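Notes follow once the structure below has been shown.
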Amino acid sequence: MTRIFSGAKPTGHLTLGNYLGAVRRWAEVDQHRADALFCVVDLHALTVDHDPGRVRRLSRQAATLLLAAGLDPELCTVFVQSHVDEHTRLSYVLECVAADGEMRRMIQYKEKSARERAGGVSVRLSLLTYPVLMAADILAYGTDEVPVGDDQSQHVELTRDLALRFNQRYGQVFVVPRATHPPVAARVMDLQEPTSKMGKSHESGAGIVYLLDDPDVIRKKIMRAVTDSGREVVYDPGARPGVSNLLEILAACSGGNPKDLSGVYESYGSLKRDTAEAVVELLRPVQARHRELAGDQGYVEGVLRAGAEKARGMARPRVDEAYRAIGLLATA
Ligand code: TYM
């Protein structure tokens, strides 16, 4: 059976980008067709300046939201990364296979480290090694497919390179995974700055729809989205990023295709109104279920505990094998 692994990091509240690019597909498709694991990758949230209490709260909230979005512990494994030691055990071994130069070429490292240096913040070493930990997340489970948004493609490419290199040097241990992306909305853009990705850790929230935003806040953010000069509704992400982003969001919510939808609208106003309503309706059941689950944290904790135990059992043999293959003595 196909093995799927994916994750979301608790550096901020989950966004519409996370939902359309990844989480929704995990719930609607992936968990039904494969042996799937979904992870709140909390160790990754420590790579930038962080408040411990906030990371704990966001991890709990992310796990609750994944369940609210429809992940069913009867169908898939939901857990928290730091509860399964195999991730960091394997990460170190993969650091011994990765090259310093290829880590420094990662786009997200270049962008984030430049931002931190500009803000006078020292860049954590873990920000540089982060993609190796991500590779370990994936490779520990013999993953075939990694359903992610567009922005994670380079990291999955690196994961493939590390798996191939390891296998070639030390023997066949890892499955070489591939990324899969949704057909639309693989990169939802910021509503105020439609040439940048809608990201959970941006400074201002005006261009970001959070999954737990009130319906009125969602409407306001979408109605105030920056559109392009010109008046016609055209789908052309290069030349008309603002309108094209709205068309992608609407298409993802309503099941259409952005190009066809562009022909339906004569004004930006009506496109924004319909997009806002479509997003509000799409998120309504997720928000309702989140309210229920937020009041039943005992259930959520139980799911995470059982998930971690299952994940540990799945990862352990392969990580042990990697240890032996690379030259470490087996434990008695
Ligand atoms: P993260 O936490 O930034 O995002 C979680 C998932 O949401 C997708 N995503 C988006 N998709 C479309 N439009 C957007 N604006 C948008 N923003 C985020 C991401 O592509 C991702 O699929 N490094 C990963 C977390 C991670 C991981 C892993 C993922 C750690 N280990 C192993 C897969 C497998 C990250 O930062 O995702």
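If we scan the stretch 71-90, do we find a residue that is more than 25 Å from residue 319 (Cα to Cα) and within 16 Å of the ligand (Cβ to nearest atom)? Yes, because at least one residue in the stretch 71-90 is more than 25 Å from residue 319 (Cα to Cα) and within 16 Å of the ligand (Cβ to nearest atom). When we screen 135, 140, 185 for residues that are within 13 Å of the ligand (Cβ to nearest atom), of a type in the set (A, V, I, L, M) and closer than 23 Å to residue 286 by Cα, the only hit is 185.
Is it true that some residue in the stretch 81-99 is at pLDDT below 95 and either under 19 Å from the mean Cα position of the chain (by Cα) or closer than 30 Å to residue 123 by Cα (or both)? No, every residue in the stretch 81-99 fails to be at pLDDT below 95 and either under 19 Å from the mean Cα position of the chain (by Cα) or closer than 30 Å to residue 123 by Cα (or both).
Give me the residue from the stretch 188-220 that is within 14 Å of the ligand (Cβ to nearest atom) and of a type in the set (Lys, Arg) and, out of that set, surrounded by the fewest Cβ atoms within 10 Å (Cβ to Cβ). Applying the filter and picking the extreme gives 197.
From 240, 305, 318, grab the single residue that is of a type in the set (Lys, Arg) and either touching a helix residue (DSSP H, G or I) at 6+ places or on another chain (Cβ under 6 Å) or outside the structural domain of residue 138 (by TED's automatic domain parsing) (or both).
Sole residue among the options that is of a type in the set (Lys, Arg) and either touching a helix residue (DSSP H, G or I) at 6+ places or on another chain (Cβ under 6 Å) or outside the structural domain of residue 138 (by TED's automatic domain parsing) (or both): 240.
Counting only residues that are under 25 Å from residue 58 (Cβ atoms) and part of a loop (DSSP other than H, G, I, E, B), the stretch 182-222 holds 26 of them. Residues that are among the hydroxyl-bearing types (Ser, Thr, Tyr) and free of Cβ contacts under 8 Å to residues at least 40 places away in the same chain within the stretch 144-176 comprise 153, 159, listed in sequence order. What number of residues within the stretch 264-297 satisfy the criterion of being hydroxyl-bearing (Ser, Thr, Tyr), touching a residue at least 12 places away in the same chain (Cβ under 8 Å) and exposed (fewer than 15 other Cβ atoms within 10 Å of the Cβ)? The qualifying residues number 1.
Just one of (1) closer than 17 Å to residue 195 by Cβ; (2) assigned to a helix (DSSP H, G or I) fails for residue 272. It is (1). I'm checking my understanding of the structure. Among residues of the stretch 42-55 that are under 18 Å from the mean Cα position of the chain (by Cα) and at pLDDT 95 or above, which one is surrounded by the most Cβ atoms within 10 Å (Cβ to Cβ)? Ranking the qualifying residues of the stretch 42-55, first place goes to 44.
Would it be correct to say that residue 218 is more than 23 Å from residue 111 (Cβ to Cβ) and in contact (Cβ under 8 Å) with a residue 60 or more places away in the chain? Answer is yes for this residue.
The values are calculated or read from the model by the stated rules, or taken from the named source; none is laboratory data. It should be emphasised that the depicted structure is a prediction, and the values quoted were computed from it without experimental measurement. Using ideal geometry, Cβ is built from the backbone for each residue, glycine included, and neighbour counts are taken over all protein chains shown.
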